[in-house]
Structure formats: C-alpha cells, structure tokens
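Throughout, read-outs are computed from the coordinates displayed, never taken from laboratory work. Note that the structure is a prediction, hence the values are computed from the model and not measured. Here the Cβ positions follow ideal geometry from the backbone for every residue, glycine too, while neighbour counts run over all protein chains shown.
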Amino acid sequence: MTEVGTGSRLVELVAAADVVDLSHPLAVGDPVFPGQPGFDLTPVGDIDDPDLPLCFGLISFMEHVGTHMDAPAHVIKGGRYLDEIPFAALAGPAVKVDLREQRGDAIDFDVSLADLERFEARHGRIEEGAIVFLHTGWDARYRQPSDYVVTAEDGTWHWPGLSGAAADLFVDRRVRGVGIDTIGMDGGHVALTLAAHRAVLGSGAFIVENVANLDALPATGALALALPIKTSFGSGGPTRVVGLR
Ligand SMILES: [Zn+2]
C-alpha cells in the first residue's frame, strides 16, 4: 500500500496542481428548482456558551441544491444511488465545452449536437471516461436567483440546457459524467421532457448541476473530481467538484 505522507505521489500531485474549485458554497438564499425548498442553516451551538463552547449548526436542504450530483436513480428505476457510485467513477479527464459565444444572450439555449461536433473538430474526440462540463456562462446570474431560475409570467421556466441529441453523443463517448452551469441539465423550456437526464443517467453516468468557475478550467488537460455526499438511497446531493491541472 502506498503511504500517504509528505512526498507521496498524491500529496505531490495536489500540492503541485493548479486547483480550480468548481463548486458554489452552499448558502441561505441559493437558487433552487421551481417549487423546491431552499437551503437553510440555523446556528445551534454558540462558541461563547460556557457550558458547551462549540460552534455548530443545523442544516436542511433538498438533495438537489447548490452544486450537486444527480445519481442515475434520480430518473432511472433501478439506477444507482449516490452511495453505490464507486470512487473510480467520480474522477476522470476534465473536458470543458465553452458555449458562451454560441449562446450569446439566448435564454432558451439548448446545446446541440452541432455544438459538440464543432468542439471535437477543434479539440479532438471526447475520450472515454471523461467528465464533460458545459460552460454556457449562465452561472454569472447565480446570485440573482430569479434571473438564474427564470419563471415567466405565464408560468413557463427558462434557463439553458443540453438537448437530447447532444446528450446521446456523450453516451456514445462513454463519459463518466456531464456537468452544466445551470439549475438543470434539461433547459427550462423543455425541463419536464427529461430527455438529457434520461440519456445521461440511463447510461450509468452522473450529472452535476450548478457548476461554478468554469472560466478557470481549460478545454482539456485537467483532471476532474466530483465527490458527492455519500447518502444511502440518495438520488443526488451537494458535491465538491474540482479541476486539477
Ligand atoms: Zn438534474
């Protein structure tokens, strides 16, 4: 067994790496999917309490809040829950597809198969086992929840997402996971079709939503780690996502 200490390969790798934190901090007021309860943290312990001088709080949240993973069980009957995804499936070569130019100012933007083919023509075929991140630029709105999860006056939802046809390409490439910097992998205007969710999660891969800081991740060449909380029967949960390069 490799000893993990000063000078070990793992310590050296992390110490030498340029680490990009791709998770938003969980905070009260975070955007949530329409109709879902928000994140809450209530201080319980008080470090100035002479009887129990400890700072601690009580948190409550719906599984799919903040930067979070969707396990296959989220939409697939018999799919894996969070605690059933092996560690090796949570790390892989990071691939970032920059879609900011194609999206422009569009709100109902769906990443198309042509967008991904254009990416591959320039950067090469997406390798098996990759963790792919879709950078739409939408995360600039994250701290204005009503601009990030848009509900129009007629009740319709709006945010960018991944089309079903483009999701099928990721299945074909046998990626480990697909992340996006919006509240949902399926765009708001087609969210309830679940086309992208069913394709990606149906292949056994995971989804990560509300990804942050993608501007700091290169198109290729980094390693991605997506580590969710390990809940038994968890359909999803807050996830620390990092890029190492
Ligand atoms: Zn989802």
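Listed conditions (1) in contact with a helix residue (DSSP H, G or I) (Cβ under 8 Å, 6 or more places away or on another chain); (2) within 23 Å of Leu227 (Cβ to Cβ) are all met by Gly129, apart from (1). Of the strands (runs of 3 or more DSSP E) lying entirely inside the stretch 64-151, the ones with 1 or more residues being touching a strand residue (DSSP E or B) at 6+ places or on another chain (Cβ under 6 Å), in contact (Cβ under 8 Å) with a residue 24 or more places away in the chain and more than 16 Å from the ligand (Cβ to nearest atom) are found at 91-98, 131-135.
In the stretch 29-44, the condition of being without any contact (Cβ under 8 Å) to a residue 12 or more places away in the chain and either closer than 27 Å to Gly243 by Cβ or within 16 Å of the ligand (Cβ to nearest atom) (or both) is met by at least one residue. In the condition set (1) under 27 Å from Gly124 (Cα atoms); (2) in a helix (DSSP H, G or I); (3) within 16 Å of the ligand (Cβ to nearest atom), Ala165 is compliant with all but (3).
Candidates Thr231, Thr193, Thr182: the one that is without any contact (Cβ under 8 Å) to a residue 40 or more places away in the chain and polar (S, T, N, Q) is Thr193.
Among the residues of the stretch 204-234, those that are surrounded by fewer than 18 Cβ atoms within 10 Å (Cβ to Cβ) and not aliphatic (A, V, I, L, M) comprise Gly204, Asp215, Pro218, Thr220, Gly221, Lys230, Thr231, Ser232, Phe233.
Scanning the stretch 213-245 for residues that are within 16 Å of Val178 (Cβ to Cβ) and in contact with a helix residue (DSSP H, G or I) (Cβ under 8 Å, 6 or more places away or on another chain) yields Leu214, Ala219, Thr220, Leu225, Ala226, Pro228, Gly236, Gly243.
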